[in-house]
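One structure is given below, encoded as structure tokens.
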Amino acid sequence: MSGGRPGGILGGYVPGNSWLHRTPLWVKFLAVLIAGAASFLLLDWRVSAVSLAAVLLAWLSAGLGLRRLAGSTRVVVPLLAVLFAFQWWQQGPATAARIVLNLLLCFVAAGVLTATVPLQDLLDAVARLASPFRRFGADPERFALAIAIMVRSVPVLAGAFYEVGDAARARGLERSVRARTLPVVLSTVAYARRTGDALAARGLGDPDEDSSL
Amino acid sequence: MSRIELAGARVTVPVEADSGPREKVVLDGVDVVLTESRVAVIGANGSGKSTLLRLLNGLVEPSSGTVRIDGLDTSRETRAVRQRVGFVFTDPLSQLVMPTGREDVELSLRRRHPNRGERAAAAQEVLGRFGLQRLADQSVYELSGGERQLMALAAVLAVDPSILVLDEPSTLLDLRNRELLRRTLATLPQQVIFSTHDLELALDAERVLVVEAGRIAFDGDPTEAVRFYRDLCGAGLGPL
Ligand SMILES: Nc1ncnc2c1ncn2[C@@H]1O[C@H](COP(=O)(O)OP(=O)(O)OP(=O)(O)O)[C@@H](O)[C@H]1O
Ligand SMILES: [Mg+2]
């Protein structure tokens, strides 16, 4: 079906002029950072639920639309459902809810960032933010590249998940967990390899020093 | 033109056999010097064409022997080699990383032009060179296979490599896009090395290598190489 078309929450920039679009990038960065930290720090599922509600409200009030939200959650919901069941069994319902809500929170917060900031700006900002680490031998451009890859990989991998589902259905194997998951794992590995090779071939993965600038 | 020099290049990969792990020889003792501006590599599926091409920019390292590009060793001076050797994969989607072509070309140019404005101007120039401005801001998923292939080519050529390596560039293209690719390749100033199953495309080259079971079975004039390859394929089939 989708053939790996980009979509979903990390599906790229949505042109617009909403208050969220106009909010300075560093504020949004901070928000995502806080949302990320929240997954580790918030130990009450109700706090997570309220935070998630707030981010969702921001999303909708910026006119980013229910459709995009629904399209992207469709991608993560099956995974989160499995995680939820597992955590419930291991740690009980409150912990399960907290973990799943926090993951969703990070996901939507990251989505706000990629939907309201053009990718180029995002990469420049990440490279700039990471530049102090240069003196420890880190290459800021690599951070930027990592973000680019992440933004691109989520929809591709989600596409693989659904494509394999279709292929399994076509063969009457929709009930077979193996027929559904093994090809996803294999195509994910193949995808990661291809991407790695392609980046290496373009010299994008190589470190900065002694570059021919 | 650059000088591509393979000396006793051998490539092995580990494989699992019934008797335990073992080495499989993918390329064996390849000795060849390429200085022509257009070189094609043909041969059967699994003969080692892609492996041979991947040696040229260090994506694959020889387990023995050496591969040198203008004297630079691909295993030890990989970075410098990759600045000289651009590589285009069969499937452009595996190499276009950004949502649109323009962003992808700009990604290639980030290191060369840290300044945003200069980068945008340089990207515009590259896109213009390939007549791609009109398509530059569309999602790469919305482009046709040929347009994507050109976009991937533009992103690779943005950093001015002196050698361009393409692994089966026309395999996914229809006739019209293949012609477009052919014409584009013909105009490039770069030294171009490509593999293909498209014998007509191979005839465009100045020199053709026929790879068979990990060895160069024929090396020389395109017409003769294609004839050699046809005979080779026919011989295995026997009478119908
Ligand atoms: N990383 C690897 N691991 C295992 N086997 C490999 C690996 N790379 C190549 N091979 C094997 O080496 C042989 C040559 O592969 P290669 O991809 O170079 O062939 P090719 O001539 O490009 O074929 P095709 O026309 O199908 O693209 C094949 O038998 C392949 O299975
Ligand atoms: Mg191949």
Inset, instruction - Considering only residues that are free of Cβ contacts under 8 Å to residues at least 40 places away in the same chain and touching a strand residue (DSSP E or B) at 6+ places or on another chain (Cβ under 9 Å), look in region B:137-159 and name the one that is nearest to ligand 2 (Cβ to nearest atom). - result: B:138
Inset, instruction - Spot the failing condition for residue B:162; the list is (1) open to solvent by 10 Å² or more (accessible area, probe 1.4 Å); (2) within 11 Å of chain A (Cβ to nearest Cβ); (3) in contact with a strand residue (DSSP E or B) (Cβ under 9 Å, 6 or more places away or on another chain), and only one is missed. - result: (2)
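What number of residues within region B:45-54 are open to solvent by 40 Å² or more (accessible area, probe 1.4 Å) and over 15 Å from the mean Cα position of the chain (by Cα)?
Initial filter on region B:45-54 (open to solvent by 40 Å² or more (accessible area, probe 1.4 Å)): B:45-46, B:50, B:54.
Then drop every residue that is not over 15 Å from the mean Cα position of the chain (by Cα), which leaves B:45-46.
So the answer is 2.
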Legend entry - Out of B:25, B:33, B:88, sole residue that is within 14 Å of chain A (Cβ to nearest Cβ) and either within 16 Å of ligand 2 (Cβ to nearest atom) or open to solvent by 40 Å² or more (accessible area, probe 1.4 Å) (or both): B:88
Inset, instruction - Restricting attention to region B:44-67, report how many residues are part of a loop (DSSP other than H, G, I, E, B) and within 8 Å of ligand 1 (Cβ to nearest atom). - result: 6
Inset, instruction - Return the pairs, sorted by first residue and then second, in which the second residue is of a type in the set (Asp, Glu) and open to solvent by 50 Å² or more (accessible area, probe 1.4 Å), the first residue lies in region B:18-34 and is in contact (Cβ under 8 Å) with a residue 12 or more places away in the chain, the beta carbons are less than 8 Å apart, and the residues are 6+ apart or on different chains. - result: B:32/B:5; B:32/B:219; B:33/B:5; B:34/B:5
Inset, instruction - Look through B:85, B:81, B:97, B:33 and report the one residue that is away from ligand 1 (no atom under 16 Å from the Cβ) and at pLDDT below 90. - result: B:97
Inset, instruction - Kindly list, by first and then second residue, each pair from a residue in region B:111-129 that is within 14 Å of chain A (Cβ to nearest Cβ) to a residue that is among the β-branched types (Val, Ile, Thr), limited to pairs with Cβ atoms under 8 Å and residues at least 6 apart or on different chains. - result: B:112/B:159; B:123/B:105; B:126/B:105
Legend entry - Conditions (1) more than 16 Å from ligand 2 (Cβ to nearest atom); (2) more than 14 Å from chain A (Cβ to nearest Cβ); (3) part of a strand (DSSP E or B); number of the one not met by residue B:2: (3)
Inset, instruction - Kindly check whether there is at least one residue in region B:166-178 that is without any contact (Cβ under 8 Å) to a residue 12 or more places away in the chain, among the hydrophobic types (A, V, I, L, M, F, W, C) and more than 15 Å from ligand 1 (Cβ to nearest atom). - result: yes
Inset, instruction - Considering every residue within region B:113-133, establish whether at least one is surrounded by 22 or more Cβ atoms within 10 Å (Cβ to Cβ) and modelled with pLDDT under 90. - result: no
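The values are calculated or read from the model by the stated rules, or taken from the named source; none is laboratory data. Keep in mind that this is a model prediction, so the values were computed, not measured. Every residue, glycine as well, gets a Cβ built from its backbone with ideal geometry; the counts of neighbours run over all protein chains shown. Please note that ligands, DNA and RNA were not included when accessible areas were found on the heavy atoms of the full protein model with its side chains. Shrake-Rupley method; radii C 1.70, N 1.55, O 1.52, S 1.80 Å.
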